[in-house]
1. Do we have Tyr148 as crowded, with 21+ Cβ neighbours inside 10 Å, in contact with a helix residue (DSSP H, G or I) (Cβ under 8 Å, 6 or more places away or on another chain) and within 30 Å of Thr19 (Cβ to Cβ) here?
2. Among the acidic types (Asp, Glu) and within 23 Å of Tyr308 (Cα to Cα): is that true of Asp37 in this structure?
3. Identify all residues within segment 146-181 that are among the acidic types (Asp, Glu) and touching a residue at least 12 places away in the same chain (Cβ under 8 Å); write none if there are none.
4. Looking at segment 32-49, is at least one residue farther than 27 Å from Thr223 by Cβ, in contact (Cβ under 8 Å) with a residue 24 or more places away in the chain and out of contact with any Gly (no Cβ under 6 Å at 6 or more places or on another chain)?
5. Going by what's in this entry, would Ser208 be described as in contact with a Lys or Arg (Cβ under 9 Å, 6 or more places away or on another chain), among the hydroxyl-bearing types (Ser, Thr, Tyr), in a helix (DSSP H, G or I) and assigned by TED's automatic domain parsing to the domain that holds Arg36?
6. Can you name the number of the only condition in (1) polar (S, T, N, Q); (2) without any contact (Cβ under 8 Å) to a residue 60 or more places away in the chain; (3) in contact with a helix residue (DSSP H, G or I) (Cβ under 9 Å, 6 or more places away or on another chain) that Ser109 fails?
7. Among the residues of segment 159-186, what is the count of those that are touching a Lys or Arg at 6+ places or on another chain (Cβ under 9 Å) and either aromatic (Phe, Trp, Tyr) or assigned to a strand (DSSP E or B) (or both)?
Amino acid sequence: MEHHAEVAVIGGGCVGTSTILHLVRMGCKDVILLERDHLAWGATGKSSAIVNLGIWNASEPLTKMLIESIDVFRNFGERIGGNSGFRPTGWMGLSGKKFEERVKKTVMSQREFGAKSILVSPSEVGKLQPGVVTDDLTVAVHEPFAGYADPVETTNSYGAVAEKLGARIESNAAVKSISFEGDTKIIDTAKGTFRAKKVVVAANVWASKMISGLGIRLPIKSTRKQVCLFKLADESKNPRIIMDDFQNDLYIKPEGDHTLVGEIETPGLECDPDNFNESLDAETVPKLGQKLVVRLPAMNAAVSKGGYAGPYDVSPDGHPILDELPGFDGVYCAVGFSGHGFRFSPATGRLMAEFVLDGKTKGVDIRDFRLNRFAEDKPIRLFA
């Protein structure tokens, strides 16, 4: 069977569904999303879904995208419709001497772009999160507006609102190849052939293989990152604020009556996205558990509740590639988020929709995220 659309979006995660939503809101009703399984099946469903600025995304375009996205999550029902499960826990980034200057410089830079992050002392850290060890800290950054959301609920909300506005969503439509017939893009899938004038590839770690048939190499590395869950019998001692512990390379996130932890800087192991191990390695629980107890001694009484591994599409500079593929008019990509895609998804969807329909974007210059920046030796830098 053959299907037709003006725009086809490949990938039913947070970025793909946000993109189709913004496309239909901008008046493009003839849009279809192709997902290999079901919405939020892949990387999105395994996201920690932390919604904050942090200190690794401090360039002007990234900060502006995150300010916009955080505002959307905090007002999701009004701005998007449906639910995102957002919980305003706040966030802290904890630093000793090693990252002190970087933290201070980041906060100053982000505030120039409109962020409301603030520097706090170790004693204030202890007040915001009772029971936290602060002896080795010199400074921290606090984002009272941050929090976390439910990645599956968010993605399904994007999709449901888009469908109400006229978008079509095809699940179980794994893409086999993309080819051309004049200006028309031919997408061969498990559910038949789809013909579209324009195509947006938002397929995370599966994007490189998908695009390679066109002779384009995306500089994306597929990696596997692991997270652990711990549970305390005395819930009153659970952490109540999300923390990035830069000293111990660990992020700590309250998640219901559990605590989720994962490493910040330690790179994931390279992996084959089509043969992906979702379970934990044997050494991961004791390794992350030991790091957790260093910062929160009360967690020594916690029991392991397992965990899982999720895929990251890592770009050379750790930041997204949002572009029309050079030499292939009408073929776009939104990939390379390096584990940060969820928090960017509201702004990313808007920018991609504007770029596809108008060839330009508002508020953020999408050319900063062009694919050729790597060949030009102009990666996105922290304080660009």
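1. It is false that Tyr148 is crowded, with 21+ Cβ neighbours inside 10 Å, in contact with a helix residue (DSSP H, G or I) (Cβ under 8 Å, 6 or more places away or on another chain) and within 30 Å of Thr19 (Cβ to Cβ).
2. Judged against the criteria, Asp37 is a match.
3. Asp150, Glu153, Glu170, Glu181 - these are the residues of segment 146-181 that are among the acidic types (Asp, Glu) and touching a residue at least 12 places away in the same chain (Cβ under 8 Å).
4. Yes, the conditions are met somewhere in segment 32-49.
5. Yes.
6. If we test Ser109 against (1) polar (S, T, N, Q); (2) without any contact (Cβ under 8 Å) to a residue 60 or more places away in the chain; (3) in contact with a helix residue (DSSP H, G or I) (Cβ under 9 Å, 6 or more places away or on another chain), just (2) comes out false.
7. Selection size over segment 159-186: 8.
A quick yes/no check of all residues on (1) among the basic types (Lys, Arg); (2) part of a strand (DSSP E or B); (3) at pLDDT below 95; (4) at positive phi:
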residue: Ser84; (1), (2), (3), (4): no, no, no, no
residue: Gly93; (1), (2), (3), (4): no, yes, no, no
residue: Gln110; (1), (2), (3), (4): no, no, yes, no
residue: Leu119; (1), (2), (3), (4): no, yes, no, no
residue: Glu124; (1), (2), (3), (4): no, no, no, no
residue: Thr134; (1), (2), (3), (4): no, no, no, no
residue: Val152; (1), (2), (3), (4): no, no, no, no
residue: Ser157; (1), (2), (3), (4): no, no, no, no
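The values are calculated or read from the model by the stated rules, or taken from the named source; none is laboratory data. This one's a predicted model, so the numbers in the text were calculated from it and none came from an experiment. We place every Cβ from the backbone using ideal geometry, glycine too, and count neighbours over all the protein chains shown.
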